[in-house]
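A quick write-up on the structure given underneath.
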Number of protein chains: 2
Amino acid sequence: MPAVPDQKRILERLAAAGLRPTRQRIGLSSLLFGSGHRHVTAEHLHGEALACGLRVSLATVYNALHQMTGAGMLREVVVEAGRFYFDTNTSAHHHFFHEESGLLTDVPGRAIHLEALLPPPPPGTRVKLVDVVIRLEKLPDEGQAVLQC
Amino acid sequence: MPAVPDQKRILERLAAAGLRPTRQRIGLSSLLFGSGHRHVTAEHLHGEALACGLRVSLATVYNALHQMTGAGMLREVVVEAGRFYFDTNTSAHHHFFHEESGLLTDVPGRAIHLEALLPPPPPGTRVKLVDVVIRLEKLPDEGQAVLQC
DNA sequence: ATAGCTGCAAATGCTTTGCAAGGCC
DNA sequence: GGCCTTGCAAAGCATTTGCAGCTAT
């Protein structure tokens with residue numbers, strides 16, 4: 001796998017956002033944008049960074065996440081009162097939220113174009129974003145794959 | 001307006017939920033279910049109660065809101081990280097959220113049946129709830145009602 | 001009478017902020 | 001060198017909890 005091109009891509013990304021390529025921001029960006037799309041909380045990312053040997057404070061993680069959100073590199077997703085989730089996929093899409101585990105995942109497939117189905121916004125306002133969160137719960141029973149009619 | 005029948009309806013509602021009709025719960029229920037559907041935060045409801053002369057602590061407001069949510073009288077809506085909103089309309093419907101003012105309103109008209117449009121949940125899980133929040137922002141300019149083609 | 005509620009204040013959990021020290025251009 | 005960043009610790013905010021006293025049945 002091309003580790004150096006990844007590094008370069010991350011530096012370019014930060015430069016494009018007008019953020020200085022500090023050790024902390026490079027490390028966090030690597031974790032966030034290293035492979036595929038991710039959904040993280042500040043605390044989770046902080047723990048991951050420490051586990052990888054990146055010395056960074058929680059406050060800096062919060063700062064970085066908000067700066068990146070402001071720069072359009074991340075999108076904030078509201079699924080739980082009292083917790084911030086950040087999504088590396090900034091395009092229009094929907095989410096599954098597993099309430100028991102706190103896991104947030106993208107809904108596969110192209111986003112349904114809800115805008116066409118939804119009523120127009122009240123006068124004097126404009127639609128900024130449509131959030132769709134599908135809240136999931138575990139099925140009560142798992143071991144009866146045969147018994148259904 | 002029939003003030004006494006309202007009172008009776010509220011007492012019945014509390015009884016059905018298995019909650020004792022205390023002065024605080026009756027007062028809060030009156031504010032919540034007195035007329036039409038409402039969207040409140042704990043703090044907002046607390047302020048309203050105090051303004052109406054109901055002596056109640058914020059902690060009791062929180063307790064009551066959660067008890068009522070558990071009893072199915074209210075539904076919790078997550079629109080902002082760090083704040084709980086409660087909705088007296090527990091049926092399936094969607095929301096407009098005015099980010100600048102913090103105002104939450106129901107989307108008029110019958111809810112779109114998203115379930116039919118959405119992909120199936122991952123194996124081992126079941127859809128508990130589908131939340132649709134349409135985030136609104138004020139239109140930048142307000143004073144050109146005539147200039148539109 | 002007794003089980004359940006309430007109020008207060010303290011505690012919690014997540015997030016933000018202030019300021020001195022350090023790092024990038 | 002100057003300005004942006006970081007880290008730490010303290011502050012902030014919304015919510016929850018513990019416990020003594022009160023209340024509905």
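The slack between B:Asp6 and B:Arg23, meaning 0.36 nm per residue of separation minus the straight C-alpha distance, is 4.6 nm.
Placing unit charges on the Cβ atoms of the charged side chains and taking the dipole of chain A about its Cα centre, the candidate lying farthest along the positive direction among A:Phe96, A:Leu28, A:His44 is A:Leu28. Highest GNM mean-square fluctuation, chain B, Cα pairs closer than 10 Å: which of B:Gly109, B:Gly34, B:Gly72? Taking springs between Cα atoms under 10 Å, the residue moving most is B:Gly109.
Note on the protein assembly as shown: with neighbouring protein chains present and a 1.4 Å probe, carbon and sulfur make up 57 percent of its accessible heavy-atom surface.
When the surface is traced with a 1.4 Å probe over the full set of protein chains, A:Ser30 keeps roughly 40 Å² accessible. Between A:Thr105, A:Thr125, A:Thr88, find the one with the highest GNM mean-square fluctuation for chain A; connect C-alpha pairs within less than 10 Å. The residue with the greatest mean-square fluctuation here is A:Thr125.
The mean number of Cβ atoms from other chains found within 10 Å of a Cβ in peptide B:66-79 is 1, as a whole number. Take the accessible area of chain A alone and of chain B alone, subtract that of the pair, and you get about 3400 Å² summed over both chains, using a 1.4 Å probe. Close amide H partners of B:Lys128, meaning residues 5 or more places away or on another chain with modelled amide H under 5 Å apart, are A:Arg135, A:Leu136, A:Glu137. For the residues A:Pro123, A:Pro21, A:Pro108, a GNM of chain A with alpha-carbon springs under 10 Å puts the largest fluctuation on A:Pro123.
Dividing the helix sum by the residues of chain A, where each DSSP H run of 4 or more adds -39500 (n - 2.57), gives a mean residue ellipticity at 222 nm of -10500 deg cm²/dmol. Using the alpha-carbon positions of the protein assembly as shown, Rg (one decimal) and Dmax (whole number) come out as 22.9, 75 Å.
The residues of chain A present an accessible area of 57 Å² per residue when probed at 1.4 Å with all protein chains retained. Treating r as the C-beta distance of B:Glu99 and A:Ala16 and R0 as 30 Å, the FRET efficiency rounds to 0.70.
The values are calculated or read from the model by the stated rules, or taken from the named source; none is laboratory data. None of these values were measured; they are calculated from a predicted model. Glycine also receives a Cβ, built like all others from the backbone with ideal geometry; neighbour counts cover every protein chain displayed. Accessible surface is based on the protein model in full, side chains and every heavy atom, while ligands, DNA and RNA are left aside. Shrake-Rupley method; radii C 1.70, N 1.55, O 1.52, S 1.80 Å.
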